[in-house]
Structures are given as structure tokens and as C-alpha cells.
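Every number here is computed from the coordinates shown, using simple stated rules; none is lab data. A quick note: this is a predicted structure, and the numbers were derived from the prediction, not measured. In this analysis, Cβ positions are derived from the backbone assuming ideal geometry, glycine residues included, and neighbour counts consider all displayed protein chains.
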């Protein structure tokens, strides 16, 4: 069954304090977006990638991202919408009827792994709707409007969701059509699926799978890359 990845990359540089959109900022000398797309390029279960960017970035993304880094699985570069949900919808509209699985992943989450992508697709084939996340590790407080703690929330059932979020094609398309008809905007793709009554399974992701939105995140990302390279070198020397 054909699997297509939609990569929304419509961010700006405002939160970075930079004129350059965050997806094009360099991480270890390579654009963040390229790190992300390379994972989908290598993931064996992914057939096609649809990249969704701001309308005035289409030509730049084709030349300086897709062609420059030889990302052959990126079949389409499309214009996004005002919000992330609008951008994903534009991507979904381009998914053909021959695609049975749709993987949605933030363009600025460069530390997703090929293994996690592959597992997500296989689980979505079984369950229809799967998201990646990590259990909450800190104590969570419920706070009122005056900043006073009301109660401590039981964290045993709380997870922080990430992407990829992976669905059978008919499930996510139906959810997006319903959201559009109702003028509903959710906080993530899974929330649209939940509201049409379909259960979504969560599988354990990685705390490295961060979304890069601030300058501090760039520093954290550089640290992750340094650690990964160190681990790879150690394993190579042990062989």
C-alpha cells in the first residue's frame, strides 16, 4: 500500500528573531528542512513526499532544497495556507487515490528517525490512526486565571504528542473534510480524527524529536547532533 508523507514547512523567522524562515536555518551546516526530508528519503516505507511551503518560497524550495540535496522522493512542492491545518489540507488535496497511508510530519522536526517513520506506517495499517509522543515526566499543575494552583494533575495518563502522525488515507481525508465543513481548527491532525469518533493510538517516540522554533532549540539541536555523531563513532570503533 502506497504511503505518502506531507511535510508542512510554512514557518517564519519571527520567533527566531531572524528574517530567514526557520526551516531554512542551518543545523550542522545543513538546512533544518533538509535534515527532515532526508529521513523520509531514506525511510523504506515512504513512496512520495509532498512538501508544503509558503507560496513565495516554492521556487526557492525546489531549487535550493529539493534539487540541491537530491531529494528524489519529493514529487510536489505546494503552496501552504494561512495556518498549519490549511497547509496540510492543501497537501491532502494532492494525495492520489492510489495512496493508502498518509504521514504528516513537521518540517522543523529534524530528529525523527527512519525507524519511527516505518513503525508509524505499519501501526497505521493496523489501527487506522497513530501518533507519536512521549509520556509527561514533570509534575503537572492546573492553574486558575490568577496564577494560583488549583490541583496537581495525575500525569500517569498524560502524553506530549509529536509528529509523525500517520493515518489511513480515507480516515484523515474524512476528518479534514469534516473540519473544513464545520470551520473547526484543531491543535494537531489527530484532534480532527478524534472528533469524528475514530480512536487514535499513541506510540512512544523520542525526546530528541524536538520541534525547532526558537534560538535555544538550535543550540539543543546542535548538541543532539554532536551526541549522535559521537555514538556512531564509538559503535564504529567497537566493530
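Between residue 158 and residue 141, 0.36 nm times their residue separation minus their Cα-Cα distance comes to what?
The span from residue 158 to residue 141 would gain 4.9 nm if fully extended.
Residue 213 to residue 183: FRET efficiency via 1/(1 + (r/R0)^6), r the Cβ-Cβ distance, R0 22 Å, to the nearest 0.05?
In this case the efficiency is close to 0.25.
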Residue 199-residue 228 pseudo-label distance in nm [points 7 Å out on the Cα-to-Cβ vector]: 3.4 nm
Pairwise label distance in nanometres, residue 206 with residue 56, each label 7 Å out on the Cα-Cβ vector: 3.6 nm
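Where both residues lie in the chain, what percent of DSSP beta bridges are antiparallel, nearest 5? Before the final figure, lay out each step's value.
Numbers: 16 of 35 bridges.
In the chain, DSSP labels about 45 percent of beta bridges as antiparallel.
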Sites residue 115 and residue 83, calculated FRET efficiency, Cβ-Cβ separation with R0 41 Å, nearest 0.05: 0.85
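Jot down the per residue volume, in cubic angstrom and as a whole number, of the convex hull over the alpha-carbon atoms of the chain. Before the final figure, lay out the partial values.
On the way: hull volume 39.4 nm³, N = 239.
Dividing the Cα hull volume of the chain by its residues yields 165 Å³.
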Whole-number percent relative contact order across the stretch 2-238, with pairs defined as alpha carbons under 8 Å at least 6 apart: 22 percent
For the stretch 180-239: rounded, prolate or oblate by the Cα gyration tensor [a/c cutoff 1.5]: oblate
